[in-house]
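Notes to accompany the following structure.
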Amino acid sequence: MLPRSHMVDAPRSRDAERGSTLIVALITLTALFSIGSVAMLAVKSEMSSVGQTRIDTETLYAAESGAAAALEYLRGQCGAGGEVNFSAFVNQSNANPQHPPGIMGNLVQPGAVGYPFPPGTLVWYDVSILNNKTDTGFASAGGVDNDARVTLHVVGHGPNRTAVTIEVEVYTTTCPVVTPLLVMGWRQL
């Protein structure tokens, strides 16, 4: 008999290992598919977020456009007999705010006559005029503006029921308003 160092081993049968390469390949493909699915979900979520941000921005721009239209409208308005006030636009304690139709584009929805935005745009605004609560005429019957200071309450409306509300407090010292109305403050609600 030959010493062990000179013996040649017979080739081992690989029947026991048969199919293990297939299993490893399937596990690898499953892992890659899972990673790809997670990546696709992340991209889809990011795209949805970007789309909503665009809609929110357009809706804010609509509200700001409504405020600008209201400012322009109020420039041409005076109290009875040329008084410096906006009593014609305020109600007692702001219980039933007015939405003046004379404000360009106020309450005009997409596709309607007088729509102030380009065709295909799905935004609109609603402007109401409120008396400031510090006005001595705030609670007066019928609503009285004694200080020529009002708040423009503007709601911009957009797709998917998106809404952005801003308020702009303005006042004037002359009537008719020959200079731009003075903006005292602006806030987004």
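For region 66-123, which positions are assigned to a helix (DSSP H, G or I) and either within 15 Å of THR151 (Cβ to Cβ) or of a type in the set (D, E, K, R) (or both)?
Passing the criteria: GLY66, ALA67, ALA70, LEU71, GLU72, TYR73, LEU74, ARG75, SER87, PHE89, SER93, ASN94.
All of (1) surrounded by fewer than 20 Cβ atoms within 10 Å (Cβ to Cβ); (2) touching a residue at least 24 places away in the same chain (Cβ under 8 Å) hold for ALA112 with one exception: (2). Is region 45-59 home to any residue that is without any contact (Cβ under 8 Å) to a residue 12 or more places away in the chain, acidic (Asp, Glu) and surrounded by fewer than 16 Cβ atoms within 10 Å (Cβ to Cβ)? Yes - at least one qualifying residue is present in region 45-59.
SER93 falls short on exactly one of the conditions (1) in contact with a His (Cβ under 8 Å, 6 or more places away or on another chain); (2) among the hydroxyl-bearing types (Ser, Thr, Tyr); (3) on the phi > 0 side of the Ramachandran plot, and that condition is (1).
Within this structure, LEU26 fails the test of being among the aliphatic types (A, V, I, L, M), under 30 Å from THR174 (Cα atoms) and either at pLDDT below 90 or within 19 Å of the chain's Cα centre (by Cα) (or both).
Please work out if VAL150 is in a strand (DSSP E or B) and under 22 Å from ASN91 (Cα atoms). Yes, satisfied.
The values are calculated or read from the model by the stated rules, or taken from the named source; none is laboratory data. A quick note: this is a predicted structure, and the numbers were derived from the prediction, not measured. No Cβ is skipped: glycine too gets one built from the backbone with ideal geometry, and neighbour counts run over all protein chains shown.
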